[in-house]
Amino acid sequence: MMRYLAININSKLDQEWFYRCHSVLECYNYFDRLGPGHGPRAAIFDVVMNNFLWVAEAQLDNMVQLNAIVFGAIKDSKVRN
């Protein structure tokens, strides 16, 4: 199981997505590989601890959307298992 979710939100294109990572370092490496068109990095979520490890300051007012992304990712992983 991939423990972490790297979450991106591109408000200009009204897009949001997540990337499953084995480590926090892998999440940051994923963020570094993205280009400027992907929007800023939004958050890193620990699925095991059920907690955000890091949330971008610009996303602090956007916790409802971040929680919805996490819920969808966890629901998706349960369906696939």
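The values are calculated or read from the model by the stated rules, or taken from the named source; none is laboratory data. No experiment lies behind these values; they were computed from the predicted model shown. Neighbour counts are summed over all protein chains in view; Cβ atoms, including those assigned to glycine, are modelled from backbone coordinates with ideal geometry.
Only a single criterion out of (1) under 11 Å from the mean Cα position of the chain (by Cα); (2) surrounded by fewer than 17 Cβ atoms within 10 Å (Cβ to Cβ); (3) in contact (Cβ under 8 Å) with a residue 24 or more places away in the chain is not satisfied by ASN10, namely (1). When PHE45 is tested against the conditions (1) assigned to a strand (DSSP E or B); (2) over 17 Å from ARG3 (Cα atoms), the lone failure is (2). For region 13-39, filtered to residues that are modelled with pLDDT under 80 and over 16 Å from ILE69 (Cβ atoms), the residue that is surrounded by the most Cβ atoms within 10 Å (Cβ to Cβ) is GLY37. Is it the case that ASP46 is without any contact (Cβ under 8 Å) to a residue 40 or more places away in the chain and among the charged types (D, E, K, R)? So ASP46 does not fit the description; no.
For ILE74, the criteria (1) at pLDDT below 95; (2) of a type in the set (Val, Ile, Thr); (3) under 10 Å from ILE7 (Cα atoms) hold in every case but one, which is (3).
A residue that is touching a Lys or Arg at 6+ places or on another chain (Cβ under 8 Å) and surrounded by fewer than 15 Cβ atoms within 10 Å (Cβ to Cβ) cannot be found anywhere in region 50-71.
Taking residues in region 15-31 that are without any contact (Cβ under 8 Å) to a residue 40 or more places away in the chain, and partners anywhere that are of a type in the set (Gly, Ala, Ser), the pairs with Cβ atoms closer than 7 Å and at least 6 places apart or on different chains are TYR19/ALA6; CYS21/ALA6; CYS27/ALA6; TYR30/ALA6; PHE31/ALA6.
For region 1-40, filtering for residues that are more than 18 Å from ALA58 (Cα to Cα), in contact with a His (Cβ under 9 Å, 6 or more places away or on another chain) and in a strand (DSSP E or B) leaves 1. Total residues in region 1-53 satisfying the condition of being acidic (Asp, Glu) and within 18 Å of ILE74 (Cβ to Cβ): the figure is 2.
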